[in-house]
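In what follows, a single structure is set out as C-alpha cells and then discussed.
The values are calculated or read from the model by the stated rules, or taken from the named source; none is laboratory data. Quick caveat: nothing in here was measured; it's all calculated off a predicted structure. Positions of Cβ are generated from backbone atoms using ideal geometry, with glycine treated the same way; all protein chains shown enter the neighbour counts. With ligands, DNA and RNA removed, areas are computed over all heavy atoms of the protein, side chains included. Shrake-Rupley method; radii C 1.70, N 1.55, O 1.52, S 1.80 Å.
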Amino acid sequence: VRSQGGVIGKQPGRSTAPKVSIAQTFPYEVLNKYQYLQDQQISYFLKQISELSTEGQVVPAVPAVHINNWLREKGYLEKRMVAEFGKETSVPTEKGTQIGIYSERAGIGSNQYYRIWFNEQAQRFLIDHFREILIDTEEMRARKKQERKLFQGERRKTERTPGQPQEG
C-alpha cells in the first residue's frame, strides 16, 4: 500500500469523529425570519436561508442536492429524458407545478437543460417542510449507503478469486 502512495490507518487531516447531523443541529427557529424576495433557484433560496443567522448562531449550509433529491422522492420533481437535449434533465411534475415549482429552458447547444424556479408558494412550502426534508434526506442517504454496501458485498461473493475452481 505505502509503495503505491497509500496510507495505512487514519489519513492526515481527516477526522475520525462521527459526522454531525444537519437535521439535529439546524437552528429551525431562524426560518421564522424568512421573507420572500423573488422567484429563485434552489441554490439562491438556500443561500438566503444561510444568511438568516443571528449573532453567535451559525446556520449550516444545506446542499441543494438534498432538497432536489427530497423533491424527487416525494414526486415534486422528476428526471426526464429530453430528446431535443439528448440527455436527462430535472423537471417539475404536475404535483410540483401545483406548489409553485416551474422550469425555464437554459443553456445553449448540447449544454441545454431546464432551470428549476421556486415561486413564493414553493419557497413557503420548503420552509414549512424544512425539518422533514432534512430528516428524510438523512434517512435516504443512510438507505443508499446501506444499499451500496450490500451491492458491493454481493459483487465480492460472485467474483471468482484466482486459484479457486469455477462452479458449474
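Pull up segment 107-120, narrow it to residues that are surrounded by 13 or more Cβ atoms within 10 Å (Cβ to Cβ) and without any contact (Cβ under 8 Å) to a residue 40 or more places away in the chain, then point me to the one that is nearest to Asp39 (Cα to Cα).
Per the stated criteria, the residue is Tyr114.
Looking at (1) surrounded by 16 or more Cβ atoms within 10 Å (Cβ to Cβ); (2) at pLDDT 95 or above; (3) within 24 Å of Lys19 (Cβ to Cβ), can you tell me which one Ile99 breaks?
(3)
If Val62 passes every condition in (1) more than 15 Å from Leu126 (Cα to Cα); (2) of a type outside the set (Phe, Trp, Tyr); (3) surrounded by 16 or more Cβ atoms within 10 Å (Cβ to Cβ); (4) touching a helix residue (DSSP H, G or I) at 6+ places or on another chain (Cβ under 9 Å) but one, which one does it miss?
Every listed condition holds for Val62 apart from (1).
Within segment 70-85, restricting attention to residues that are in a loop (DSSP other than H, G, I, E, B) and within 16 Å of Leu126 (Cα to Cα), which residue is most open to solvent (accessible area, probe 1.4 Å)?
Step one: filter segment 70-85 for residues in a loop (DSSP other than H, G, I, E, B), giving 74-76, 83-85.
Right, trim to within 16 Å of Leu126 (Cα to Cα) and you get 74-76.
Values: Lys74: 75, Gly75: 27, Tyr76: 28 Å².
Here the answer is Lys74.
Of all residues in segment 21-69, count the ones that are among the aromatic types (Phe, Trp, Tyr), part of a helix (DSSP H, G or I) and either within 18 Å of Asn119 (Cβ to Cβ) or touching a Gly at 6+ places or on another chain (Cβ under 6 Å) (or both). Quick ask: steps written out before the conclusion?
Residues of segment 21-69 that are among the aromatic types (Phe, Trp, Tyr), as a first pass: 26, 28, 34, 36, 44-45.
When the remaining residues are screened for being part of a helix (DSSP H, G or I), the result is 28, 44-45.
The next check asks that each one be either within 18 Å of Asn119 (Cβ to Cβ) or touching a Gly at 6+ places or on another chain (Cβ under 6 Å) (or both); those that pass are 44-45.
Of the residues in that region, 2 qualify.
Quick check, is Glu88 in a loop (DSSP other than H, G, I, E, B), open to solvent by 80 Å² or more (accessible area, probe 1.4 Å) and not hydrophobic (A, V, I, L, M, F, W, C)?
Taking the combined requirement at face value, the residue does not satisfy it.
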